[in-house]
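Asks: What follows is a structure written as structure tokens; I'll ask about it next.
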Amino acid sequence: MDAHVAASVDKAPPFSEEQIATLSRLLQRPPDTALMRWRVKLSCGHIVETTRHVSTVRPTDHGSSSQHCAECGEDGRIIAYEPIGRVADYPSPPAPPPAPTPARRKAIARRMAKLEADLAELRREAAIMDGESPQI
């Protein structure tokens, strides 16, 4: 069997960059904001915490009806559970910039006027270089 697998792998074409990117995205750990913490009671009697994706309604869904117990080392069946909350909250949105003060507005207007004058000067220089008569 190992020889057959090795021969098949040797014949397979290499992955494309797009396939590698897709596999990387699929295999990476979900962000902590997508994980829900659960407190579960196991059939061994111990209570442990576990995480599941937030789309999981119960920690026993999708074939996850047992959990390793760190206290006794057994794989116990989950017999009771309660949600604790997400592993991490979404970051709060950044605060909006403060409203410009009258002094700041004047400084911006001065800067804009200077930049517009510089732009007009550069356009005059470019027109002269192109052999055109400069416009005023």
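Asks: I want the local charge near residue 44. Using Cβ-Cβ distances under 10 Å, sum +1 for each Lys or Arg and -1 for each Asp or Glu among the other residues.
Replies: -1
Asks: What is the set of long-range amide H partners of residue 46 at a cut-off below 5 Å, with H atoms built 1.01 Å from backbone N?
Replies: none
Asks: Which whole DSSP H helices in the chain pass both tests: a Cα extent of 27 Å or more along the axis and a mean Kyte-Doolittle value no lower than -0.5?
Replies: Correct list, ordered by number: 102-129.
Asks: Can you list residues whose amide H is under 5 Å from residue 66's amide H, if they're 5+ apart or on another chain and H is modeled 1.01 Å from N?
Replies: Here the answer is 78, since their amide H atoms fall under 5 Å of that of residue 66.
Asks: Roughly how big is the range 97-136's charge dipole about its Cα centre, with Cβ charges of +1 (Lys, Arg) and -1 (Asp, Glu), in debye to the nearest 20?
Replies: 540 debye
Asks: Scan [x] 103; [y] 292; [z] 260 for the value of volume of the Cα convex hull per residue in Å³ calculated from this model and give just the label.
Replies: After the calculation, the listed value that fits is [y].
Asks: Hey, another quick one. Whole-Hz ³J(HN,Hα) for each residue in the range 28-44, computed from phi via Karplus 6.51 cos²θ - 1.76 cosθ + 1.60 with θ = phi - 60°, x for glycine and proline: what do you get?
Replies: So the Karplus estimates, Gly and Pro as x, are 6, 5, x, x, 4, 5, 9, 10, 9, 8, 10, 9, 10, 9, 9, 5, 7 Hz.
Asks: Explain nothing, just compute: Karplus ³J(HN,Hα) = 6.51 cos²θ - 1.76 cosθ + 1.60, θ = phi - 60°, for every residue of the range 65-78 in order, whole Hz, x for Gly and Pro.
Replies: My calculation for the range 65-78 gives 7, 10, 8, 6, 9, 6, 6, 10, x, 8, 8, x, 6, 6 Hz in order.
Asks: Next up: Using only Cα atoms, what is the ratio of the radius of gyration of the range 29-90 to 2.2 N^0.38 Å?
Replies: Compactness ratio reported: 1.09.
Asks: Within the P(r) computed for the range 97-136, what percentage of the Cα pairs occupies the region above 15 Å?
Replies: Everything past 15 Å amounts to 56 percent.
Values quoted throughout were computed directly from the atomic coordinates according to the rules given, and no laboratory measurement underlies them. The structure presented is a predicted model; accordingly, all values stated were derived computationally and were not measured. Glycine also receives a Cβ, built like all others from the backbone with ideal geometry; neighbour counts cover every protein chain displayed.
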